[in-house]
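What follows is one structure encoded as structure tokens, with my remarks underneath.
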Amino acid sequence: MIEVHNIQKSFNGNPVLKGITCTFETGKCNLLLGGSGTGKSVLLQCIVGLMKPDLGSITFDGLVFTNNKVDIKQEIRRKIGMLFQGGALFDSMTVFENTEFPLKMLTPEMSKEERRDRVEFCLKRVGLENAGTKMPSEISGGMKKRVGIARAIAPNCTYLFCDEPNSGLDPATSIKIDELIYEITHEYGITTVVITHDMNSVVEIGDHIIYLHKGQKLWDGNKDEILNTTVPELKEFIFSSSLVRAAKKVDEETEGGLAAATSDEAINI
Amino acid sequence: MVKTFGEFLIFMQSMLVRKERLAVLWQRMLDEAILIGIDSVFIVSIVSAFIGAVTCVQIAYNLINPLIPKSTIGFMVREMTILELAPTITSIVLAGKVGSSIAGGLGTMRITEQVDALEVMGINSASYLVLPKIVAAMLMFPLLVILAMVLSILGGYLAGTLSGAMSAQEYVEGIRTDFVPYNIVFALIKSVVFAFLVSAISSYKGYYTKGGALEVGAASTGAVTNSIIAILLADYVLAAVLL
Ligand SMILES: Nc1ncnc2c1ncn2[C@@H]1O[C@H](COP(=O)(O)OP(=O)(O)O)[C@@H](O)[C@H]1O
Ligand SMILES: [Mg+2]
């Protein structure tokens, strides 16, 4: 479990995070939901240590990350896997070498054969068993995300962070990537945090959802509760998504409730 | 200006803390040495051979006084290339080739979040990416400068003898007149300093790129111009201090 307590961050006196407190539960897909520019990426960067929050603390399973000794930070960092928006694959390395890289760097005690087995296992898990020799420039956006996931889980990460895993992907590929993240989370009991502004992901994989608006947490709950929310900003956010608009249209025709309209058949329109 | 210099120093210092295992850095250094050194042999060879040839032809053109022995041409080609042209021109050429590729490469890694990916893995990206580049440059620049010295003297020889400005014997005699070995040491010291300046300034420019593809291009350009200015300033200072 990751506990975020009262995180504040401003850039040049312009507050972006205004005291965010939330928890990300173990073995679940935790979604950070919100419109563009609400500070989701900044919060994620504070959590993984790429940015220093002005105030507040972050605890990984009881270990305090913020303002702690370098070795403890390092110990936590080695348990973190991250999938970046564009994949952030090292473009001088093949898919295989990219996946092997964290193993080489973080676990020097592993033998070459053990590393190879682990990489092959991870590539197979994300469905890329035949792409090992390809360079990042030769593969599609969806495949890059898959390699990114393989690289993140290769060192047996305890925490997985994904910044907009669906950005730049077509809807069908988006759903596949969402499913992959969801399956991996539940298979290995990983604490996963996914940034998204996509209602598709919410209804698909939202075990626990945190809604951010203008640097504040306005709501949290699960995917069944979100449709009955009373928070006006969140309501507006949900209703502005094309998925829900489409669902609502069906809704008016069939005269069911909104929650009924977001059942599986409605989503498949 | 002062702030930039301070940031530059902090950047240099950040490379030296939390270093990776030596074996990893060594492997990285070898990779960079190939990129910086081997891949520059061609351009350095062409430039230095022609500079030697042109220097020789122009000196021969200016030395029409029959009282001055023809071997002076060889002597002057040697002095000019070893002391100044080989180390400085080679470094300026490398500032263009190596500097832009370092800044462009690091800038691209920065904007595509590859640098962040390293940091999240708990790797000191400055030390992992930049330190091997600087060390490799400081090893390879002197070697390239030695190559440039040899080739420019050879270029002068070919141009001088083929154009009939003087005989091979006169040129060789000139090359051997009043030779000061310290000049070679001085040139190599210069090349190490220039190597540090080019690689460190270009790394700094690339590493702190913000924005998109446009800024990567700007970082490359900035790296080359700043490296060249730094080379020329250092050239002057070193000449004043060490000669
Ligand atoms: N490094 C930075 N320097 C200054 N402002 C920043 C920086 N990073 C993000 N911001 C600002 O913080 C706000 C939130 O950004 P971000 O977290 O990227 O939004 P999103 O929720 O879309 O991921 C934006 O207004 C952005 O301009
Ligand atoms: Mg973002």
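This table checks each residue for (1) more than 15 Å from residue B:121 (Cα to Cα); (2) without any contact (Cβ under 8 Å) to a residue 12 or more places away in the chain.
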site	(1), (2)
A:10	yes, no
A:22	yes, no
A:67	yes, yes
A:72	no, yes
A:114	yes, yes
Worksheet item: Within the bounds of region B:25-45, is there any residue that is surrounded by 11 or more Cβ atoms within 10 Å (Cβ to Cβ) and more than 24 Å from residue B:192 (Cβ to Cβ)?
Response: no
Worksheet entry | Meets criteria (away from every other protein chain (no Cβ under 14 Å), of a type outside the set (Ser, Thr, Tyr) and surrounded by fewer than 19 Cβ atoms within 10 Å (Cβ to Cβ)) for residue A:130 | yes
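Residues that are away from chain A (no Cβ under 14 Å): list the helices (runs of 4 or more DSSP H) wholly contained in region B:89-151 that include at least 1 such residues. It would help to see each step written out before you state the result.
Numbers: elements: B:90-94, B:100-111, B:114-120.
Those helices (runs of 4 or more DSSP H) span B:90-94, B:100-111.
Being in a helix (DSSP H, G or I), touching a Phe, Trp or Tyr at 6+ places or on another chain (Cβ under 9 Å) and either not assigned by TED's automatic domain parsing to the domain that holds residue A:166 or not hydrophobic (A, V, I, L, M, F, W, C) (or both) is the filter here, so list the residues in region A:115-144 that pass it.
Within region A:115-144, the first condition is being in a helix (DSSP H, G or I), and the residues that meet it are A:115-125, A:136-138, A:141-144.
Filter once more, keeping what is touching a Phe, Trp or Tyr at 6+ places or on another chain (Cβ under 9 Å): A:116, A:119-120, A:123, A:136.
Those that are in a helix (DSSP H, G or I), touching a Phe, Trp or Tyr at 6+ places or on another chain (Cβ under 9 Å) and either not assigned by TED's automatic domain parsing to the domain that holds residue A:166 or not hydrophobic (A, V, I, L, M, F, W, C) (or both): A:116, A:120, A:136.
Would you confirm, using the coordinates I've provided, whether residue A:68 is closer than 22 Å to residue A:180 by Cα, among the polar types (S, T, N, Q) and more than 14 Å from ligand 1 (Cβ to nearest atom)? Steps first, answer last, please.
Values: closer than 22 Å to residue A:180 by Cα: no; among the polar types (S, T, N, Q): yes; more than 14 Å from ligand 1 (Cβ to nearest atom): yes.
Answer is no for this residue.
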Practice prompt. Could you give me the residue pairs with C-beta distances under 6 Å whose first residue belongs to region B:157-179 and is of a type outside the set (Lys, Arg), whose second residue is outside any helix (DSSP H, G or I) wherever it lies, and which are 6+ apart or on separate chains?
Written response: B:160/B:166; B:166/B:70; B:170/B:70
Discussion item. One residue is enough: does region A:225-241 have a residue meeting the conditions within 16 Å of ligand 1 (Cβ to nearest atom), part of a helix (DSSP H, G or I), over 19 Å from residue A:125 (Cβ atoms) and under 14 Å from the mean Cα position of the chain (by Cα)?
Written reply: no
Response to the item:
Taking region A:39-72 and keeping only residues that are over 21 Å from the mean Cα position of the chain (by Cα) and of a type in the set (Lys, Arg), one is left with A:69
Worksheet item: Which ones in region B:1-29 are of a type in the set (A, V, I, L, M, F, W, C) and within 14 Å of another protein chain (Cβ to nearest Cβ)?
Response: B:17, B:22, B:23, B:24, B:25, B:26
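For region A:18-41, which positions are part of a strand (DSSP E or B) and either outside the structural domain of residue A:205 (by TED's automatic domain parsing) or within 16 Å of ligand 1 (Cβ to nearest atom) (or both)?
We begin by selecting, within region A:18-41, every residue part of a strand (DSSP E or B); these are A:18-24, A:29-33.
Answer for region A:18-41, where residues must be part of a strand (DSSP E or B) and either outside the structural domain of residue A:205 (by TED's automatic domain parsing) or within 16 Å of ligand 1 (Cβ to nearest atom) (or both): A:18, A:19, A:20, A:22, A:30, A:31, A:32, A:33.
How many of the residues making up region A:66-114 are outside any helix (DSSP H, G or I), within 9 Å of another protein chain (Cβ to nearest Cβ) and in contact with a strand residue (DSSP E or B) (Cβ under 9 Å, 6 or more places away or on another chain)?
Initially, region A:66-114 is screened for residues outside any helix (DSSP H, G or I), giving A:66-69, A:78-94, A:107-111.
Restricting the remaining residues to those that are within 9 Å of another protein chain (Cβ to nearest Cβ) gives A:78, A:80-82, A:84-92, A:108.
Add one more test, that the residue is in contact with a strand residue (DSSP E or B) (Cβ under 9 Å, 6 or more places away or on another chain), and what stays is A:80-82, A:84-85, A:88.
The total comes to 6.
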Practice prompt. Only one of these is farther than 29 Å from residue A:32 by Cβ, more than 14 Å from every other protein chain (Cβ to nearest Cβ), surrounded by fewer than 19 Cβ atoms within 10 Å (Cβ to Cβ) and of a type in the set (Asp, Glu): A:117, A:54, A:61. Name it.
Written response: A:117
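The values are calculated or read from the model by the stated rules, or taken from the named source; none is laboratory data. All values derive from a computational prediction rather than experimental measurement. Neighbour counts are summed over all protein chains in view; Cβ atoms, including those assigned to glycine, are modelled from backbone coordinates with ideal geometry.
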